[in-house]
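Q: Just dropping this structure here.
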Amino acid sequence: MSYLLIKNIKKLVQVEDKPEKWKVGQEMSELNSIDNAWLLVEGDRIKDFGQMNTLPTSNSELRTSNLKELDATNRMVFPSFCDSHTHLVYPASREVEYVDKIKGLSYEEIAKRGGGILNSAKKMKETTVAELVDGALLRLEEIASYGTGAVEIKSGYGLDTHEELKMLYAIRKLKEISPLTIKSTFLGAHAIPAAYKGKQHEYVDIVINEMIPQVAAEGLADYIDVFCDRGFFTVEDTDRILMAGMKYGLQPKIHANELDYSGGIQVGVKYNARSVDHLEYTGDEEIEVLKNSETMPTVLPGAAFFLGMVYAPARKIIDAGLPVAMASDFNPGSSPSGNMQLILSMASILDRLTPEEAINACTINGAYAMGLEEELGSIAKGKKANLFITKEIPTLEFMPYYYGSNKVETVILNGKII
Ligand code: NIG
Ligand code: FE
């Protein structure tokens, strides 16, 4: 067995003696931390931790030749970020639309002209699984260097059975070869393909009768997603798709209420969604529905920022006693960044979360939003040792405050330095 001991940690952030599944409401402002700490990793797990004056010197584990020591003087240790919503497998970037957006076209207008998701779907047909994997691996390396240790990745740029499966094969390969912990989500209902314009129920039939059975038969997805919003899929479409997914044991994680009060939150909760994501249009009625659920409200500030849209009422959701997770939505159209440190800054600046709330949103609550809360999201004995050591930083608040620069110095995934 190999051991890793990190000593003289200025602050060991987000420690839990009794791991909880999520942080709700007021609890989100609590961030348990130990000053002047040590942390011991055994294999790929967190073995123990404490204050420096409790470091057991006679412990045989700490004298084995398989022990590697790191000194974290003036540095903090965090659990890795858990980014519960991305589309980071894609064929090509879409900066042409970026210029259209600057010139004044909205996300929906670009989509109506066959840009947006349909543009990616066109390029998908010319891209091989190996090319998808190569591109995504680079992005995984990049997000790991910014502190992400777990990530959810969606299909949804295929929009026909063959192409959707291709994306899911790429995600399966990434699960095998990447040191990050990955969850996969089937998002066949991401946009209505051009050929089905005006008869979208026929496309929904294909999703239900062709795609879901094959995805389930090959065990390719952990979750199922639908873009339930104005101009995309209706509540009725979503209801049918989630019902079909449920029959195959696929729990929903859906796109909801980004463009309007779409009813997406309600239909997500109806099917016990693990999370409902985006939430720019969330009012009192939606908040009431969420209160009686096990569904994680997930806010994606990067997309609202990049598209220049209204921000989700994250503050109001937390003040209502609910949990909130934050994720990057890393994708080529509405949020071309997977930098979770930037999401911390956006969470506090744009959504008015305190640094503690923002960190909880990006760690333990993000872990819950992809079913990883028992494995990741905090520093707790027995959890997977996915963590990072910061550069020298003066305070915890410095993390969201000093935005745009990488404050991560050393990344540890599965107990190994990357
Ligand atoms: O989460 N809202 C829908 N889907 C993605 C955008 C994907 C794209 O534009 O490529 C999102 O923002
Ligand atoms: Fe998304």
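The values are calculated or read from the model by the stated rules, or taken from the named source; none is laboratory data. All of these numbers come straight from a predicted model, not from anything done at the bench. Heads up, the Cβs are rebuilt from the backbone with ideal geometry, glycines too, and the neighbour counts pull from every protein chain shown. All accessible areas refer to the heavy atoms of the entire protein, side chains included, with ligands and DNA or RNA removed. Shrake-Rupley method; radii C 1.70, N 1.55, O 1.52, S 1.80 Å.
Q: Using a Debye calculation, one point per C-alpha and no hydration shell, please list log10 I(q)/I(0) for the range 112-246 at q = 0.11, 0.13, 0.14, 0.16 Å⁻¹ in order.
A: Log10 of I(q)/I(0), two decimals: -0.39, -0.55, -0.63, -0.81.
Q: Can you sort Ile224, Ile177, Ile192 by solvent-accessible area, 1.4 Å probe, largest first? The partial results should precede the final answer.
A: Working: Ile224 0, Ile177 80, Ile192 30 Å².
The ordering from most to least exposed comes out as Ile177, Ile192, Ile224.
Q: In nm, to one decimal, how far is the Ile349 label point from the Asp134 one, both placed 7 Å along Cα→Cβ?
A: 3.6 nm
Q: Quote the relative contact order of the chain in percent (integer), defining contacts as alpha-carbon pairs under 8 Å separated by 6+ residues.
A: Working: 972 pairs, mean separation 92.0, N = 418.
So the answer I get is 22 percent.
Q: Rounded to the nearest 10 Å², what accessible area does Phe306 show when all protein chains are kept and the probe is 1.4 Å?
A: Accessible area of Phe306: about 60 Å².
Q: May I pose another question? Can you classify the range 329-401 as rounded, prolate or oblate using the Cα gyration tensor, where a ≥ b ≥ c are the square roots of its eigenvalues, rounded means a/c under 1.5, and otherwise it's prolate if a/b beats b/c and oblate if not?
A: Working: a/c = 1.68, a/b = 1.16, b/c = 1.45.
Since a/c reaches 1.5 but b/c is at least a/b, the shape of the range 329-401 is classed as oblate.
Q: Ordering Asp284, Asp100 from largest to smallest accessible area (1.4 angstrom probe), what's the sequence? Please report the intermediate quantities before stating the final value.
A: Details: Asp284 105, Asp100 40 Å².
Reading off the accessible areas and sorting them downward yields Asp284, Asp100.
Q: Further question: Which ³J(HN,Hα) values in Hz, rounded to whole numbers, follow from the phi angles of the range 232-239 under the Karplus curve 6.51 cos²θ - 1.76 cosθ + 1.60, where θ = phi - 60° and Gly and Pro get x?
A: Taking θ as phi minus 60°, the curve returns 10, 9, 7, 4, 5, 4, 4, 4 Hz for the range 232-239.
Q: For the range 66-153, state which GluC sites (Glu not before Pro) are in a DSSP loop and have at most 10 other beta carbons lying within 10 Å of their beta carbon. Kindly include the intermediate steps, with their values, before the conclusion.
A: Details: sites: Glu69, Glu95, Glu97, Glu108, Glu109, Glu126, Glu131, Glu141, Glu142, Glu152; in loops: Glu126.
Those that pass, being in a loop and sparsely packed, are Glu126.
Q: I'd like the distance separating the alpha-carbon centroids of the range 266-332 and the range 1-51, in whole Å.
A: 28 Å
Q: Oh, and also: Report the calculated FRET efficiency for Glu409 and Glu141 (r = Cβ-Cβ distance, R0 = 25 Å), to the nearest 0.05. If you can, show how the numbers build up before the last one.
A: Working: r = 16 Å, r/R0 = 0.63.
E(calc), rounded to 0.05, equals 0.95.
Q: List the residues whose amide H sits under 5 Å from the amide H of Leu70, counting only those 5 or more places along or on another chain, with H placed 1.01 Å from N in the peptide plane.
A: Amide H to amide H, under 5 Å and 5 or more residues apart or across chains, Leu70 pairs with Leu5, Ile6, Lys7.
Q: Please work out how much length the chain gains when fully extended from Glu210 to Ser106, using 0.36 nm per residue of separation minus the C-alpha to C-alpha distance, in nm with one decimal. The partial results should precede the final answer.
A: Working: separation 104, 0.36 × 104 = 37.44 nm, distance 3.27 nm.
That works out to 34.2 nm of additional length.
Q: Which order, highest average first, do 160-168, 51-59 follow once you tally other Cβ atoms within 10 Å for each residue and take the mean per peptide? Numbers along the way, then the final one.
A: Numbers: 160-168: 21.2, 51-59: 10.9.
The densest-packed peptide leads the list: 160-168, 51-59.
Q: Of the candidates Ala150, Ala303, Ala217, which one comes out as most mobile in a Gaussian network treatment of the chain with C-alpha springs shorter than 10 Å?
A: Most flexible of the set in this elastic network: Ala217.
Q: Can you pull the one-decimal nm distance between simple spin-label points at Glu126 and Ala217, each 7 Å off the Cα toward Cβ?
A: Taking the two extended label points, one gets 3.2 nm.
Q: Let me ask another. Taking the chain, how much of its Cα-Cα pair set, in percent, is spaced more than 31 angstrom apart?
A: On the way: 31379 of 87153 pairs.
Counting pairs separated by more than 31 Å, the tail of P(r) holds 36 percent.
Q: Using the heavy atoms of the protein chains and a 1.4 angstrom probe, tell me the accessible area per residue for the chain in square angstrom. Intermediate values should be presented prior to the final figure.
A: On the way: 16210 Å² over 418 residues.
Solvent-accessible surface per residue comes out at 39 Å².
Q: Moving to a separate point now. Normalised by the residues of the range 275-407, what does the relative contact order come to in percent, with Cα pairs under 8 Å and at least six apart?
A: Numbers: 195 pairs, mean separation 28.4, N = 133.
Normalised by residue count, the contact order of the range 275-407 is 21 percent.
Q: Volume per residue, Å³, of the convex hull around the alpha-carbon atoms of the range 1-141?
A: 207 Å³
Q: What are the ³J(HN,Hα) couplings of the range 411-418, residue after residue, when phi is run through the Karplus curve with 6.51, -1.76, 1.60 and θ = phi - 60°? Round to Hz, x for glycine and proline.
A: Using θ = phi - 60°, the values come out as 10, 10, 10, 6, x, 10, 6, 9 Hz.
Q: Also, quick follow-up: Taking a virtual spin label 7 Å from the Cα of Phe398 along the C-beta vector, which residues in the range 56-78 bring their backbone nitrogen under 11 Å of it?
A: It comes to 74-76, nothing else.
Q: Let me ask something else. Would you calculate a helix-derived [θ] at 222 nm for the chain, using -39,500 (n - 2.57) for each DSSP H run of n ≥ 4 and dividing by the full residue count, to the nearest 500? Please report the intermediate quantities before stating the final value.
A: Details: 16 runs with 138 residues, N = 418.
About -9000 deg cm²/dmol.
Q: What percentage of the solvent-accessible surface of the chain, computed with a 1.4 Å probe over protein heavy atoms, is contributed by carbon and sulfur atoms? Kindly include the intermediate steps, with their values, before the conclusion.
A: Working: 8180 of 16210 Å².
With neighbouring chains kept in place, the figure for the chain is 50 percent.
Q: Okay, next question. Pull up all non-local amide H partners of Glu409: gap of 5 or more, or a different chain, and H-to-H distance under 5 Å with H placed in the peptide plane.
A: Ile389, Thr390, Lys391
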